[in-house]
Each structure stands twice: as structure tokens, then as C-alpha cells.
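Beneath this line is the structure, given in C-alpha cells, with notes to follow.
The values are calculated or read from the model by the stated rules, or taken from the named source; none is laboratory data. Note that the structure is a prediction, hence the values are computed from the model and not measured. Reconstructed Cβ throughout: ideal geometry from the backbone, glycine too, with neighbour counts over all protein chains shown.
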Amino acid sequence: MLSADTYNLWFAPLRACGQDNNTLLLEVANDFCEVWLKDNYMDLLQQVVGIASGRDALEFLAAGATAVQVGTATFVEPEAATRVLVEMRAWLAAHGIARVVDLVGAFRAEHAQEASRSGAARNGEQP
């Protein structure tokens, strides 16, 4: 967790100034702040920014999330949630998936199947 002093010094001055594909552009005070934030808090910033596209949302769902929230992206694009939903529907339709719930946990299930096959092969068994 960040202290109030750290938040006020490094994060409070940040401003969302645009979006480029799946990247939220943040305005910082100067080059030093940009480098320091990247070097020290890039992982935290990426976790906090979260869902900015339909693909982001679907990746979270496929990894096992049962819900996603479009938050920070709406600072730059108030209609971001609607766009994310449209992108999700388009991807699902293009891949023949009728319901979002059918995608939830798909990466975990795929990984479990691969691990099972891999373990069986190492033991000389038929997968």
C-alpha cells in the first residue's frame, strides 16, 4: 500500500491525456517523474489501469475472472465501457463463442489439460 505522502508526490499529479490502442497515456510533470514511475511503479500502474479494450476484458475472463470493470479508461473516453462491450461481442462472434460465461476460466482449463498431457508424457503414459 502507498503512503499518503508517496501518493501525493508521485500519483496525484498524474493526468490521463489520451489513449492509443490498448495504452492509456499519462501526463507527468517532467522526464524524471516519468523514469522514476516506470522504474518503481510500472507494475502497480498497469494493475490499476486495468481494462481498456474488449481484448483486455476477455483476457481477464479467460484467466478466470467472473466480472471486469472499465474504470480508468473512462477518464479519457467516457463511452469506453460501451466500446469494450462492442469489441467483446465482435471477438466472441468471430470465434464462435455464444456466451461470455463459456470463456470464463478457459486459460486455466487449457493450462490444466496441457499440464496433464505433459505429466503423462514424462511418466511414459498415454495422455
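Overview of values
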item	result
Among (1) modelled with pLDDT under 90; (2) surrounded by fewer than 16 Cβ atoms within 10 Å (Cβ to Cβ) - the single one residue 105 does not satisfy	(2)
Qualifying residue in segment 50-70 (condition: at pLDDT below 75 and under 21 Å from the mean Cα position of the chain (by Cα))	yes
Of all residues making up segment 41-83, the number that are surrounded by 13 or more Cβ atoms within 10 Å (Cβ to Cβ), without any contact (Cβ under 8 Å) to a residue 24 or more places away in the chain and among the hydrophobic types (A, V, I, L, M, F, W, C)	5
